[in-house]
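A short write-up of the structure that comes next.
Values quoted throughout were computed directly from the atomic coordinates according to the rules given, and no laboratory measurement underlies them. For clarity, every value in this text was computed on a predicted model and none was experimentally measured. So basically every Cβ, Gly included, is an ideal-geometry build from the backbone, and we count neighbours across all protein chains shown.
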């Protein structure tokens, strides 16, 4: 799993980690605090005896200790400890409770083993720990004795056999000596001869059996003594009686629960992100579109209050990306023709109206004449914001007097071609007419077309304009619709400028105060467009293509020029904060002929996340 994916998943669903961490904290807080515990400790010194079935531990001293720890932890010993505790008290211990409350550890670099028993009563802790000590020593000693028992049994059998032979021999000797023994009738005692003189073989056998019996008896005694002295494991310290309870802080438990819950939240966040239908980040969006993302339009509180602020007081954080979009869009147009830009979104409520007003404001500040065209049928925000729903709007474009389609925005150099009172449906074959009429009024035509997949006319518009700004609301963008948009733009990818937006879920209401807060008075219109019979097709109407009509000088001789529906300004240089690029000899030639020319703006790097 790539680190970039994890970071993007945390940015998208990091709230899950926080929620689970809080749940873990509250779970730890709701648990009953641990009861008071008493701890008893006992110490054992474990050393191998001389009767361990021939196993040598000279080169591995810890091997014996580790093996005996296994014996101490065995369930069999725990059962015997539980039985011993129950016999000596009124407790009802089991092997499970004994093992659960007892911990057996080895002290570092030593043969000392610590038996620690922790329970809620000090006497209970001491009794269990002491039972472990006693039973282990008894079992170990019994084990050693069992290891020497076969030899002891053999010696006992040999002793019994020799003793039996001696008994039989004594009977034989007594029978042989019977006639030589003194009798009661004898007046004078007779000397008793030696058995060797009477039965030399019996005397020899008797001596041999006595010697053998003595040797076997000494061997058994030596073996028993050796067994007792070779057992080296001892109790170093009996189990202590705890006087004070041990600490019962819940901090460790709380930290553990919070960590486990946070880890679970992270796993769920990653899995949710992995199988989510929404686009994860800019990299994935660019991969689906097959085009690099130009930049990101950051959040702005002022634009949330009123998107119309983008006209005159565009937030400083958005100036670089809007300037970059404006410059790159202008570079895609023809030098001798008005620039046409379509602002479309990958879905509805993608921030196209805000982008359109922002770009119009930047072009207007650069002394361009701008026409805003509202072709967003699902959300005609521009028409509502600039009273474009009061006039004839787009319906007048296809009449002999198309100038009636335009209305003033209150911003110098910006004219609106809105929806009008009688909204009409723009078919694909009518899109070119709308663009041609709009180009007669300005140097820049910016069309807010809403979602690119809402109408076929929007797709046709994207094919006809010079540049397309594609608004991608990344946090709400689903993968499948974005793939449809990418396939739709495959023939025109070179003129598409994708940009990440963060629109509101609901459009902010347009209030008169918000609408007029930035409004500047517009000069009156003094020019009319020639009347053309309605029957004439658009191609035969006398609408200038890419060339503006010359305007008459005002009566006061000040040299200011006006056009129908708004002020007409010759494109001039931007201020130092908004530099203009290629406004050179060609622009001057255009102005001398009375047609609009366009100048490029300096490029500012767009902020990308």
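For the reader, a short list of remarks on this structure follows.
- Ratio Rg/Rh [Cα only; Rh per Kirkwood] for region 250-374: 1.18
- Descending by average beta-carbon neighbour count within 10 Å, the peptides 454-464, 212-222, 335-345 line up as 335-345, 454-464, 212-222, the highest first.
- Residues of region 193-217 with an amide N closer than 16 Å to a point placed 7 Å from the Cα of residue 160 along the Cα-to-Cβ direction: 217.
- Label-to-label distance, residue 181 versus residue 276, with points set 7 angstrom from Cα along the beta-carbon direction: 11.5 nm.
- Exposure proxy shown here: for 132, 180, 381, the number of other Cβ atoms within 10 Å sets the order, fewest to most, as 180, 381, 132.
- Neighbour counts of other Cβ atoms within 10 Å put 495, 277 in the fewest-to-most order 277, 495.
- Each of the peptides 321-331, 252-262 was scored by the mean count of other Cβ atoms within 10 Å over its residues; in descending order, highest first, they stand as 321-331, 252-262.
- Sites residue 425 and residue 487, calculated FRET efficiency, Cβ-Cβ separation with R0 35 Å, nearest 0.05: 0.90
- Set the Cα radius of gyration of region 117-186 against 2.2 N^0.38 Å, with N its number of residues, and you get 2.55.
- Length released on extending from residue 478 to residue 395, taking residue separation times 0.36 nm less the Cα-Cα span: 26.4 nm
- FRET efficiency for the pair residue 283 and residue 335, taken as 1/(1 + (r/R0)^6) with r the Cβ-Cβ distance and R0 = 51 Å, rounds to 0.90.
- Cα centroid of region 347-406 to Cα centroid of region 1-41, whole Å: 52
- Between residue 254 and residue 387, the simple label model (points 7 Å from Cα in the Cβ direction) yields a spacing of 6.3 nm.
- Of 100, 441, 411, 428, the sequence from fewest to most neighbouring Cβ atoms within 10 angstrom is 100, 428, 411, 441.
- Mean Cα-pair separation over length for region 38-237, i.e. relative contact order, pairs under 8 Å, 6 or more apart, %: 32
- Based on the Kirkwood approach, the hydrodynamic radius assigned to region 96-248 is 21.6 Å, with every pair of different Cα atoms included.
- What separates the Cα centres of region 120-146 and region 464-488 is a distance of 77 Å.
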